[in-house]
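Colleague: Here you go, one structure.
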Amino acid sequence: NVRFEETSFFALNDASFEPVYDYTYAFSLLLSRIDRIYERQIFVALPPSMRPEWGIQMGKIVKHGGFLITLVYPMLPYTDAGPPFYVRPEHYEEALGPGWIKVWDRVPEKTLETHVGKERMIVWQRL
């Protein structure tokens, strides 16, 4: 069975899900055990001032030893406009803070022609 919950990314935590249905309770238990997240659009859609909150939230929902897979895209010339907002790999490191280690960092070998030179794939592990 699959159940979808529409909520704010920043509201995700064990306390957000009351055990009204077994599915919801199971999801709240699972939430503290997420071992892999693929993130490709939330970060660049957030105003840069909200990125530290994003990093705190990732620390709450990814278990210790878990992985955060990030597609850093689009890496374009600086602008205040957005979304997508200006992004570079070091922005993720700043937002995540201590407690994470970069374990993989590559320019994808296969990508869309429009993405060439504008993206990196970085995998972080939560310590």
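Colleague: Mind checking which residues of the stretch 8-60 are among the β-branched types (Val, Ile, Thr), modelled with pLDDT under 85 and closer than 30 Å to His115 by Cα?
Modeller: Answer for the stretch 8-60, where residues must be among the β-branched types (Val, Ile, Thr), modelled with pLDDT under 85 and closer than 30 Å to His115 by Cα: just Ile34.
Colleague: What number of residues within the stretch 66-84 satisfy the criterion of being of a type outside the set (Val, Ile, Thr) and open to solvent by less than 30 Å² (accessible area, probe 1.4 Å)?
Modeller: The number of residues fulfilling the criteria is 4.
The values are calculated or read from the model by the stated rules, or taken from the named source; none is laboratory data. Predicted model only: the values in this text are computed from it and were never measured. Keep in mind that these areas ignore ligands, DNA and RNA; they rest on the heavy atoms of the full protein, side chains included. Shrake-Rupley method; radii C 1.70, N 1.55, O 1.52, S 1.80 Å.
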